[in-house]
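A short write-up of the structure that comes next.
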Amino acid sequence: MTRLQAIDLEKTYGSGALAVRALDHVSLSVDAGEVVGLLGPSGSGKSTLLSCLGLLDAAQHGEVLLDGAPIAKDGRFVSDPTEVRRRRIGFVFQRANLVPFLDVRENVLLPLRLEGLPSRAAREHADALLKRLDLWDRRSHSTSALSGGQRQRVALARALVTRPALVLADEPTAALDAARGREAILALKDIARDEGAGVLVVTHDTRILDAFDRLLVMEDGRLSAADPKDHAAPAH
Amino acid sequence: MRLAIAELRAHLGRFVATVLGLALLFTVVLAMGGIHRGMVVDALALVDAAGDSLWLVEEGRHGPFAEASRVDATIAERARIVPGVRDAVALRVLGYQFEHQGRSLRVTLVSDRFESAPVLRWTLDRGRLPSRARGEIAVDRTLGLAVGQEITLNDQPLRVVGHLRGAIASSGDAVAAVSELDLDDIQRFAPAGDRDTPATHALAAPAAAVLVSLAPGADPALVRRRLAQIPGITAYTAAEQRSLLLDGAVDKARRQIGLFRVLLILVSTALLALVTFSMTAAKTREIALVKLLGARTRTLVSWVASQSLLMTLAAYGAAVAIGAKVFPRFPRRVVIEPRDLWIGLLVALVLASVSSVAAVRRALSVPAGEALAA
């Protein structure tokens, strides 16, 4: 089942001689349970693509579909972008971006609380994620008492707690050492597979490329398939 | 609301400091209103004690509590023979300061006909009213004299026989009730500076006013017209006396206090707006995050506005509690009625709403994409 489908996205900043084409006929799809890596140098259009897929911005041309239904088309949002983000998309960031005045469990429950009072099933799912990510003993702790790896695992649980169709991750391992980074991406992969979520991970981290089911590379706004061997970290 | 409470708990020190500052401002706002209401109650206490009597005061003057008034004591005798008049009594008022057991006390002495039938309606807190023509006094309980205590005013020995309740003059001084003869003696020997209404003897000296009670069935308007023909006096109804008091000195005080209260409310609003705005500016990253996670506009508005609301409500509650402890110690009477508290609460809620506008605008303007940039 295809979770995300982007068809022929185009996005240009500026006009005339100063125009910068950030997305140049970009098309991609992510299936349920699939974890796709997106590589590319700075300024290649990765962030713009992530913004368009996460409904923070709209591509001037092209269409974005989630579970087969259009959510954005030709410069406008077809669905309420706030509601789509709240219910169907999970986000993971370079830094965990946790809310400092909420404890671990409340951070995980935050997306559910934005929807209203979480159901018992939703809370049980949150608790299950905390246990699966080895955070149960830390559930009442302040996030400031956690290590970098633990904080990022809390962010993963928060992204997955609403059982989203799509998880968008922006450099989720950049602030972690190699072992913690691998641990985090494998945890994300395991849970996404079990829950049937599609995952798109923007990364520069060549140490984790083997964890992805598929790799894409972006250059000058154009997207193409990549071979992990071409981007693997040099052996030391 | 959950976010608001969690954040306030995390920054408890800042929350408590802000609430305390606001509470003190609210306490002053409440005190100003209470002092004004106290002034009104004090100003009207003696007028109301005279019931529906007509007031005969010096011609062209507003009466003994609004300004100095001197009427010849014989006016009372002349008024008594006017058809429709049941009784007429000269009222003497004397501001008096004296030393007692090392304390300097100020009192407004008011005479009444205690040996026969008092004309003013005195309210007793404990003890009794003077019942003899000489040597007894009843004082407002706030004066601090005990029942049974002996005092001396201008060599006149007086025994405190009762405590009056709510007997405060428009000057804010406690009122003491004495017989006409005692007041006459005190007044005769009082130092010149202490004489609000100069007088000498009860039978011949000027009084502050003459109180006229009407015979049953008498037409007040007709009696008043007849009384007005007595040279040198102006006749007022009780309602007019009240109006003259409220429209005069009390009204000026009301306007002055009202302006002061408005200024304090503006200061409170500015303070709360500043605190709420700076709290919002300090959590831009968290606001961007919850927007990215799909927070509705109402969630953001609730987060910011409910913090302002919680601080305001906590401050108002603290102000009421502080006031309950502190106001009874104020030298002037502070009267706060339940209605004043509800109106104050309403004003505080409006203040909370107004002061959160800038912060809410700031929160709504934070782009969700900032969470990605972070």
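The values are calculated or read from the model by the stated rules, or taken from the named source; none is laboratory data. Model, not experiment: these values are computed from the prediction. Positions of Cβ are generated from backbone atoms using ideal geometry, with glycine treated the same way; all protein chains shown enter the neighbour counts.
Assess whether B:ALA371 counts as being away from chain A (no Cβ under 14 Å), in contact (Cβ under 8 Å) with a residue 40 or more places away in the chain and buried (at least 16 other Cβ atoms within 10 Å of the Cβ). Show your work before the answer.
Working: away from chain A (no Cβ under 14 Å): no; in contact (Cβ under 8 Å) with a residue 40 or more places away in the chain: yes; buried (at least 16 other Cβ atoms within 10 Å of the Cβ): yes.
Judged against the criteria, B:ALA371 is not a match.
For the stretch B:226-278, taking the residues that are within 28 Å of the chain's Cα centre (by Cα) and among the aromatic types (Phe, Trp, Tyr), the one that is nearest to B:ALA363 (Cα to Cα) is identified as B:PHE260. Of all residues being among the aromatic types (Phe, Trp, Tyr) and surrounded by 19 or more Cβ atoms within 10 Å (Cβ to Cβ) in the stretch A:64-100, which is farthest from B:THR299 (Cα to Cα)? Just the residue, please. Filtering first and then ranking leaves A:PHE93. Answer with yes or no whether B:LEU30 is within 14 Å of chain A (Cβ to nearest Cβ), touching a residue at least 24 places away in the same chain (Cβ under 8 Å), crowded, with 21+ Cβ neighbours inside 10 Å and in contact with an Asp or Glu (Cβ under 9 Å, 6 or more places away or on another chain). Criteria not met by B:LEU30. When we screen B:ALA23, B:ALA43, B:ALA88 for residues that are touching a residue at least 60 places away in the same chain (Cβ under 8 Å) and more than 30 Å from B:ASP219 (Cα to Cα), the only hit is B:ALA23. Scanning the stretch B:262-275 turns up no residue that is surrounded by 23 or more Cβ atoms within 10 Å (Cβ to Cβ), among the polar types (S, T, N, Q) and at pLDDT 90 or above. Taken over the stretch B:327-356, the criterion of being more than 23 Å from B:ALA43 (Cβ to Cβ) and touching a residue at least 24 places away in the same chain (Cβ under 8 Å) is satisfied by B:LEU345, B:VAL347, B:ALA348, B:LEU349, B:LEU351, B:ALA352, B:SER353, B:VAL354, B:SER355, B:SER356. Listed by position, the strands (runs of 3 or more DSSP E) contained in the stretch B:62-174 that have at least 2 residues being β-branched (Val, Ile, Thr) are B:85-91, B:103-112, B:136-140, B:150-153, B:156-164.
Can you tell me which residues in the stretch A:171-202 are farther than 23 Å from A:ASP137 by Cα, surrounded by fewer than 22 Cβ atoms within 10 Å (Cβ to Cβ) and in contact with a Leu (Cβ under 9 Å, 6 or more places away or on another chain)? Passing the criteria: only A:GLU195.
Kindly indicate whether any position in the stretch B:241-250 is surrounded by fewer than 16 Cβ atoms within 10 Å (Cβ to Cβ), within 14 Å of chain A (Cβ to nearest Cβ), of a type outside the set (A, V, I, L, M, F, W, C) and assigned to a helix (DSSP H, G or I).
If we filter the stretch B:241-250 for residues that are surrounded by fewer than 16 Cβ atoms within 10 Å (Cβ to Cβ), which is where we start, we get B:243, B:247.
Then keep just the ones that are within 14 Å of chain A (Cβ to nearest Cβ); that gives none.
Scanning the stretch B:241-250, I find no residue that is surrounded by fewer than 16 Cβ atoms within 10 Å (Cβ to Cβ), within 14 Å of chain A (Cβ to nearest Cβ), of a type outside the set (A, V, I, L, M, F, W, C) and assigned to a helix (DSSP H, G or I), so the answer is no.
Count of the stretch A:199-223 residues, restricted to those that are modelled with pLDDT under 90 and outside any loop (DSSP other than H, G, I, E, B), is 6. Within the stretch A:43-78, the set of residues being of a type in the set (S, T, N, Q) and more than 12 Å from chain B (Cβ to nearest Cβ) comprises A:SER44, A:GLN60.
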